[in-house]
Every structure is written in C-alpha cells, then in structure tokens.
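Colleague: The structure under discussion is supplied below as structure tokens; questions concerning it will follow.
The values are calculated or read from the model by the stated rules, or taken from the named source; none is laboratory data. Note that this is a predicted model, so its numbers are computed, not measured. Backbone-built Cβ (ideal geometry, glycine too); neighbour counts: all protein chains shown. To get the accessible areas, we keep the full protein, side chains included, count just its heavy atoms, and leave off ligands, DNA and RNA. Shrake-Rupley method; radii C 1.70, N 1.55, O 1.52, S 1.80 Å.
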Amino acid sequence: MTKDPITVKPSEDVVFAFEKLMKHKISALPVEEDGKLRGIVTATDLGHNLILDNYMLGTTVGEVMVEDVATIKPGETLKDAIERMYQYGQDEGIINQLVVVEDDEIVGIISDGDIIKVLKEL
C-alpha cells in the first residue's frame, strides 16, 4: 500500500482536485475531513465530467464524491483486497483502489497496480 496518500477536502473545487490527480499521476483521491474518510473521487469520473462540461463553476468535491468507499484494514490479506475490489466493481469489473482505514482514519491506499507488483514478485 501507499502510506499517507494524497487526499482532498470536500470543500475543494473539482478542477483543483483533478489538477492534483494529474500532477501526482494518481487515479483517485480519498476525501477526508477532520482526519476521517468521507468519500473518494477518481480521475476517470472527474475528467469525464469536466470534458463534458457537466460541472457548474464552483462545483466542490463534496458535491460529486462517492460516499460508499471501498475500504480495507491494514491487517487484511492480499486475497481480501482482491475480493473487495471485485465486490465493489460493477458489471463483472473491478474497482482500481481500496482506501486503507484504521479506526475511520486513512492510513493508506492500495491500487490494482500495487497488487500486480506484489504478484510479479511471487
């Protein structure tokens, strides 16, 4: 997992959140407030909607974030992570990341790329 992932506040403008995603070359930003997980936004969702001009000027992350975030605890296994990614996926797909939380606090994020790196070493 990536420890202490880059996050975004619900009050941040979606344009700035998307710029943060592009700058750091990451696919998702956990949304946190007062140290607690509140949601998640992805580059795919933000980028798609920005291109289609679906957001009004001043739209905030809190207005568009996904609140039902797929999470995992630090002590869970790689198999647990893969199963959770399938569980939250749609139409036989998977989600690309899980937020790692402990006591409702964000401690990391694990992506499908992280899992592939581990499997490559086996």
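Colleague: What about E92, is it out of contact with any Phe, Trp or Tyr (no Cβ under 7 Å at 6 or more places or on another chain), open to solvent by 60 Å² or more (accessible area, probe 1.4 Å), of a type outside the set (V, I, T) and farther than 21 Å from M1 by Cα?
Modeller: Taking the combined requirement at face value, the residue satisfies it.
Colleague: Can we say N49 is in contact with a Phe, Trp or Tyr (Cβ under 7 Å, 6 or more places away or on another chain), farther than 26 Å from L122 by Cα and outside any strand (DSSP E or B)?
Modeller: Yes, satisfied.
Colleague: Just to verify a result, which residue in the stretch 1-34, among those that are without any contact (Cβ under 8 Å) to a residue 60 or more places away in the chain, closer than 18 Å to D104 by Cβ and not in a strand (DSSP E or B), is least open to solvent (accessible area, probe 1.4 Å)?
Modeller: P10
Colleague: From the list L50, L37, L46, L78, exactly one residue is open to solvent by 50 Å² or more (accessible area, probe 1.4 Å), modelled with pLDDT of 90 or more and hydrophobic (A, V, I, L, M, F, W, C). Which is it?
Modeller: One residue alone meets the criteria, L78.
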